[in-house]
Amino acid sequence: MSLLVVDPFRFGVPFASLYQAFDPLTVLTKQHFIEWFSGKDIDSIFTKRTIVSGGTFAMVDAINEGFSVKTNAVTNAEISLDFNDIRHYSETDFFFHCVWRVAEVPSSTEDVLVGLANVAAGSASNHVEARTLNNQTNFMTLSGDNVAGQTQTSTTVAKDTVFHGHTLDMGSSAVKHSIDGVLKVTKTDKLPGARLQPRVRIFTGETVTKDVRLRYLEVFTT
């Protein structure tokens, strides 16, 4: 179920937005998108994209496990979930929150990205994303633009297989990455320079599956 909401109360849901339940908004938000990853399938605005070697996209038949984005067990498999290059969101003022987990123990070649990017397929030149990477023990904050390149910063929160809420709060000069409500990174370098779309991208360089479970996603321009 997803809601492109202006006033969540008119849907009969007091807190359609998880963010507003704890921090009520005082101004009208723009391009406000919410996805609870429930029901038979996700909203049709999402594109389930096979980039290399295929994968599966499906609701998980288990309590509170949400939606699965899973690669096939093929070397160099790559898939993504995105808005098909419909870029609603400003690169200088957005709020993004997603509750997700990687279902398997981290492998030697994983690269999982959850956040916003300018392109749907392949490596983005403009992006801000939470990341799990094979050679890093912690969740990372990754950002970049098409001129200066990209860098990543450690959140100091160790990777695991449980659900965490990742928040990316972007201003004109910095992005703040919080995990489970605790600020972990304020990143001021290599920020995006073009409009963005929500994206989940998974790459694996060995013959194993990589399964990312999504429970909630919210994004709006501030």
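Tabulated results
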| item | result |
| --- | --- |
| Test: residue in the range 108-117 that is surrounded by fewer than 20 Cβ atoms within 10 Å (Cβ to Cβ) and aliphatic (A, V, I, L, M) | no |
| Tally, over the range 158-181, of residues that are out of contact with any Leu (no Cβ under 8 Å at 6 or more places or on another chain), more than 16 Å from V114 (Cα to Cα) and surrounded by 12 or more Cβ atoms within 10 Å (Cβ to Cβ) | 1 |
| Residue count for the range 187-196, restricted to those that are acidic (D, E) and not in a loop (DSSP other than H, G, I, E, B) | 0 |
| Qualifying residue in the range 212-221 (condition: in contact with a helix residue (DSSP H, G or I) (Cβ under 7 Å, 6 or more places away or on another chain) and part of a strand (DSSP E or B)) | yes |
| Per-region count, the range 182-222, residues within 18 Å of T132 (Cα to Cα), at pLDDT 95 or above, among the charged types (D, E, K, R) and out of contact with any Lys or Arg (no Cβ under 6 Å at 6 or more places or on another chain) | 5 |
| Failed condition for K190, given (1) loosely packed, with under 15 Cβ neighbours inside 10 Å; (2) over 17 Å from the mean Cα position of the chain (by Cα); (3) of a type in the set (D, E, K, R) | (1) |
| Restricting the range 53-67 to residues that are part of a loop (DSSP other than H, G, I, E, B) and among the β-branched types (V, I, T), the residue that is farthest from I42 (Cα to Cα) | I63 |
| Check on G165, at pLDDT below 95 and not charged (D, E, K, R) | no |
| Filtered residue count, the range 113-127, keeping only those that are of a type outside the set (S, T, N, Q) and at pLDDT below 95 | 5 |
| Residues located in the range 112-127, provided they are touching a residue at least 12 places away in the same chain (Cβ under 8 Å) and among the hydroxyl-bearing types (S, T, Y) | S125 |
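The values are calculated or read from the model by the stated rules, or taken from the named source; none is laboratory data. Being a predicted model, the structure only gives us computed values, none of them experimental. For neighbour counting, all protein chains shown are included, and Cβ atoms are generated from backbone atoms with ideal geometry for every residue, glycine included.
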